[in-house]
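The values are calculated or read from the model by the stated rules, or taken from the named source; none is laboratory data. Remember, predicted model here, so these are calculated numbers, not experimental data. A quick note on method: Cβ atoms are made from the backbone with ideal geometry, for glycine too, and the neighbour counts reach across all protein chains shown.
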Amino acid sequence: MTEAAKPIPSKNVTMVILAEHHAPLRAFLETVHEQVRELVCVLGLPKDFFVVHKRWHKTFLGLEVVLDRGRLIGAWFLQNNQECREIRPRELIKILDIFARARGKPLLKVRFGGFRRSWCYCEGELKNGFRCATSDGEFHAFGRTAYQGSAYGSSDGPLIITGWPVAAEENQFTRDLYRFRLACENASYLDKYHAKTRPFDRDDDAYIRLGTLGPYPDYVIDIFVDKLRGWLSAHEPKILEFNLEDLWIVHYERPSLETNQSEKRVVEIIAKPEMLDDLYEEWRAGQAR
Ligand SMILES: [Zn+2]
């Protein structure tokens, strides 16, 4: 097996905001979930059309690793770019600390919803940058306008709700998450959605998996998703604030985070960096079993 083909263990490490510890995020997601249930009912869809996620979380940065000859290698650098880079958890902590000190409070303001109905048709060079040349959308990313990205899903796959960092003005998109994720490359953590082969993809998404859609035809999924986008679009933008205190690094058993080996607050890790070394050692011990 080549290094690039090394599978990423399903038990791994990530940095998230847990909705159960952030009342405004939980309240917002409960409102969206209520709307989802109502749409399922109004559209006459079966009850199993949508299965809600038990533990809502917003991924800040995946910290997944693979073990290579005793070294901990950044999983996404290996998988996306075929680069074998040893992770530097202490450097990651420094980057987090500098980011937090530079930003102050709030660490991030994230806008959900209230986006103009628009569809991106950009191809080739038009995909460069955040400006969408083929729509009047606020911006585009991953071939989607903000409207398209605000809610999207696939048959037998996740239903995702996305927001983006803004400054004081709700229409001033700061790209702060994207810049933070780029900075973390210095610690050998590559964003899961960044790859040398896809230079146009710039991950600035504050995405949350609300749940899972059933195995229904694409046209049914499309109708449902567009209704949900329309509902989000028709509302005032929802701005949520997040702070360093809201960030957790978790050693998970499943990506759903329903059962975790460990959950550590980032503020505590910054005060005591060896906590992150210990968490990775715990992960390594679990791999050896
Ligand atoms: Zn576009």
When the stretch 238-267 is examined, which residues are found to be assigned to a loop (DSSP other than H, G, I, E, B) and either in contact with a Phe, Trp or Tyr (Cβ under 7 Å, 6 or more places away or on another chain) or free of Cβ contacts under 8 Å to residues at least 12 places away in the same chain (or both)? THR259
Restricting the stretch 101-149 to residues that are more than 19 Å from the chain's Cα centre (by Cα), more than 9 Å from the ligand (Cβ to nearest atom) and outside any loop (DSSP other than H, G, I, E, B), which is surrounded by the most Cβ atoms within 10 Å (Cβ to Cβ)? ARG103
Checking ILE160 against (1) within 16 Å of the ligand (Cβ to nearest atom); (2) in contact (Cβ under 8 Å) with a residue 12 or more places away in the chain; (3) surrounded by fewer than 20 Cβ atoms within 10 Å (Cβ to Cβ), which test does it fail? (1)
Answer with yes or no whether ILE208 is free of Cβ contacts under 8 Å to residues at least 60 places away in the same chain and among the hydrophobic types (A, V, I, L, M, F, W, C). no
Identity of the residue in the stretch 186-202, charged (D, E, K, R) and crowded, with 17+ Cβ neighbours inside 10 Å, that ends up farthest from GLY74 (Cα to Cα): ARG202
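Does LEU182 satisfy being within 15 Å of the ligand (Cβ to nearest atom), in a helix (DSSP H, G or I) and among the aliphatic types (A, V, I, L, M)?
So LEU182 fails the test.
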Can we say TRP76 is over 21 Å from PRO237 (Cβ atoms), buried (at least 21 other Cβ atoms within 10 Å of the Cβ), more than 16 Å from the ligand (Cβ to nearest atom) and at pLDDT 95 or above? yes
For the stretch 157-178 the number of residues that are part of a strand (DSSP E or B) and of a type in the set (Gly, Ala, Ser) is 1
Looking only at the stretch 160-207, count every residue that is closer than 19 Å to ARG116 by Cα and of a type in the set (A, V, I, L, M, F, W, C) and tell me the total. 7
Being touching a residue at least 12 places away in the same chain (Cβ under 8 Å) and closer than 27 Å to ILE161 by Cα narrows it down to one of PRO24, PRO89, so name that one. PRO24
Any pair with Cβ under 7 angstrom, 6 or more apart, that starts in the stretch 117-132 at a residue that is without any contact (Cβ under 8 Å) to a residue 12 or more places away in the chain and closer than 17 Å to PRO199 by Cβ and ends at one that is within 7 Å of the ligand (Cβ to nearest atom) and of a type in the set (A, V, I, L, M): LEU126/ALA133
For ILE98, indicate whether it is surrounded by fewer than 16 Cβ atoms within 10 Å (Cβ to Cβ) and of a type in the set (Val, Ile, Thr). yes
Among the residues of the stretch 257-289, write down those that are surrounded by 15 or more Cβ atoms within 10 Å (Cβ to Cβ) and hydrophobic (A, V, I, L, M, F, W, C). LEU257, VAL266, VAL267, ILE269, ILE270, MET275, LEU276, LEU279, TRP283
